[in-house]
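Undergrad: Got a structure for you, written out below as structure tokens; questions coming shortly.
The values are calculated or read from the model by the stated rules, or taken from the named source; none is laboratory data. The structure displayed is predicted, hence computed values, not measured ones. Methodologically, a virtual Cβ is constructed for each residue, glycine included, from the backbone with ideal geometry; neighbour enumeration extends over all protein chains shown.
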């Protein structure tokens, strides 16, 4: 993707694309495990939405993570309702590409998932991730409860210390209660399962996130 300074600045709400009232068509069955991506989800599961660059590789990382029940990719954190991928790529929707992670609390923890999140990308890059430039690639954690919010902030503090000790910069990850999530088109769901040789832009800092990060608040 060619660099565009316009795409590194959040669009103003009144200049965002209008979108549409109806969701995009979606085949709800997960291509890898067959679970329903859209819910309802089983008892004993919780949900987390994570932005860490291009969502193709990010989703694969999480569907391969033990304890994850189902994943889906979508658009979140902007203004345009039910955007298309092409609209998000213009930088005029305000959304970032995210992975919805539905996990079984008896088999994994939010702290374990955040460790995967931090170590799978560089959260210090602002409106980009490696060669992918624009607001759609910004780092984000969107939570679904006050407890998740507390753990997410504590985890960020723990990883920030590790990055500083390694001589790296400040985390730019947005942490907030989850705004509306818009499912991406079916062809983006589990993209790297359908296209094994497809692009994966994941690349971490090489700095490990201490085990148990997020357990104690800052």
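Undergrad: Here is a check on your reading of the model: is residue 155 exposed (fewer than 14 other Cβ atoms within 10 Å of the Cβ), closer than 20 Å to residue 77 by Cβ, touching a helix residue (DSSP H, G or I) at 6+ places or on another chain (Cβ under 7 Å) and free of Cβ contacts under 8 Å to residues at least 60 places away in the same chain?
TA: For residue 155, the condition - exposed (fewer than 14 other Cβ atoms within 10 Å of the Cβ), closer than 20 Å to residue 77 by Cβ, touching a helix residue (DSSP H, G or I) at 6+ places or on another chain (Cβ under 7 Å) and free of Cβ contacts under 8 Å to residues at least 60 places away in the same chain - is not met.
Undergrad: Is it true that residue 30 is at pLDDT 95 or above and at positive phi?
TA: So residue 30 fails the test.
Undergrad: Note down all Cβ pairs under 9 Å where the first residue falls in the range 197-218 and is at negative phi and at pLDDT 95 or above, the second is in a loop (DSSP other than H, G, I, E, B) and exposed (fewer than 14 other Cβ atoms within 10 Å of the Cβ), and they're at least six residues apart or on different chains.
TA: Pairs that qualify, where the first residue is at negative phi and at pLDDT 95 or above and the partner is in a loop (DSSP other than H, G, I, E, B) and exposed (fewer than 14 other Cβ atoms within 10 Å of the Cβ), are 205/166; 207/166.
Undergrad: If you go through the range 158-170, how many residues are within 12 Å of residue 124 (Cα to Cα) and crowded, with 19+ Cβ neighbours inside 10 Å?
TA: 3
Undergrad: Right, here's the next one. Answer yes if at least one residue in the range 76-86 is on the phi < 0 side of the Ramachandran plot, surrounded by fewer than 14 Cβ atoms within 10 Å (Cβ to Cβ) and in a helix (DSSP H, G or I), and no otherwise.
TA: yes
Undergrad: For residue 125, state whether it is under 17 Å from residue 54 (Cβ atoms), touching a helix residue (DSSP H, G or I) at 6+ places or on another chain (Cβ under 9 Å) and crowded, with 22+ Cβ neighbours inside 10 Å.
TA: no
Undergrad: Here's a follow-up. Pick out the one residue from 37, 10 that is farther than 22 Å from residue 115 by Cβ, surrounded by 11 or more Cβ atoms within 10 Å (Cβ to Cβ) and within 16 Å of the chain's Cα centre (by Cα).
TA: So the residue among 37, 10 that is farther than 22 Å from residue 115 by Cβ, surrounded by 11 or more Cβ atoms within 10 Å (Cβ to Cβ) and within 16 Å of the chain's Cα centre (by Cα) is 37.
Undergrad: Report, by residue number, each residue of the range 180-191 that is closer than 23 Å to residue 46 by Cα and loosely packed, with under 15 Cβ neighbours inside 10 Å.
TA: Within the range 180-191, 180 is the sole residue that qualifies.
Undergrad: Picking from 190, 148, which residue would you name as being under 17 Å from residue 59 (Cβ atoms) and touching a helix residue (DSSP H, G or I) at 6+ places or on another chain (Cβ under 7 Å)?
TA: The unique qualifying residue is 190.
Undergrad: For the range 59-75, enumerate the residues that are out of contact with any helix residue (DSSP H, G or I) (no Cβ under 9 Å at 6 or more places or on another chain) and part of a strand (DSSP E or B).
TA: If the condition is that a residue be out of contact with any helix residue (DSSP H, G or I) (no Cβ under 9 Å at 6 or more places or on another chain) and part of a strand (DSSP E or B), then 69 is the only one that fits.
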